[in-house]
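For reference, the structure discussed in these notes is given below.
What follows is calculated from the coordinates using simple rules that are stated; it is not laboratory data. Quick caveat, the model's predicted, so the values are computed rather than measured. Note that we place each Cβ from the backbone using ideal geometry, even for glycine, and neighbour counts take in every protein chain shown.
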Amino acid sequence: MPELKIIPIGPYVLDEMHQINTFFITTKTYKILYDLVPIQFYEKFREELMSQSRIEEIDYLVLSNSHSSILNVMEKLIQDGFKGVIISNHFFSRQIENVYQNIQVKSLKSLDFILMDGKEVVFEFIPVVFLPYPKMFLSYMPLTETLFSNTIFSSYIHLSALW
């Protein structure tokens, strides 16, 4: 069984009601970056990421948040040496392929919704329809029983802050 490490990078506070969490995940075989930050946080994010690994050593980038502003961050990550495989939903994968023709891109469907490490399942990808992001997906790591819930349950604010 692969030894898994899940290392949080962030959180990065967007405003009083929103924050972004990304993760660096290692198995015996792979180094996986799970999601990216908005461009205004890239330098801090890069510094935290590089304390865990060199960017060119990352095998996979899983993009569960598929908004177009991520393309600017991907450009910087590629300039900093990323050469791994990008995994995302079918819609966003096609957009990425059109922009970055020298980077390998895999849609969830092309992976049969599973990322394997040898004979072990690293991720099960679960498509969900959730407004305002109808093409989103959740990711489940069975070996650690960890659910990456994308934007569902992603922010917390005490109701008193709204009054």
If each K or R counts +1 and each D or E counts -1, the residues other than MET116 whose Cβ falls under 15 Å of its Cβ total -2
Ordering 111-121, 137-147 by per-residue average of other C-beta atoms within 10 angstrom, highest first, gives 137-147, 111-121
Computed for the chain: size of charge dipole around the Cα centre, +1 on C-beta of each Lys and Arg, -1 on C-beta of each Asp and Glu, debye to nearest 20, value 280 debye
Stretched fully, the stretch from PHE91 through THR29 gains (0.36 nm per residue minus C-alpha distance, one decimal, in nm) 19.5 nm
Charge tally for neighbours of TYR100 with beta carbon under 15 Å away, counting Lys, Arg as +1 and Asp, Glu as -1, is +1
Once THR144 and ASP80 are pulled to full extension, the length gained, defined as 0.36 nm per residue separation minus their Cα-Cα distance, is 20.0 nm
Looks like segment 5-162, by Cα gyration tensor root eigenvalues a ≥ b ≥ c and the a/c under 1.5 rounded cutoff (else prolate when a/b is bigger than b/c, oblate otherwise), is rounded
quick note, the chain, DSSP beta bridge pairs, % antiparallel (nearest 5) is 70 percent
Checked segment 40-89 against the a/c 1.5 cut and the a/b vs b/c comparison, axes a ≥ b ≥ c from its Cα gyration tensor; verdict oblate
Applied in sequence order to segment 52-61, the curve 6.51 cos²θ - 1.76 cosθ + 1.60 (Karplus, θ = phi - 60°) yields integer Hz couplings, x standing for Gly and Pro, of 9, 6, 6, 4, 5, 8, 6, 8, 9, 10
Contour minus Cα-Cα span, GLU47 to PHE113, at 0.36 nm per residue, comes to 20.7 nm
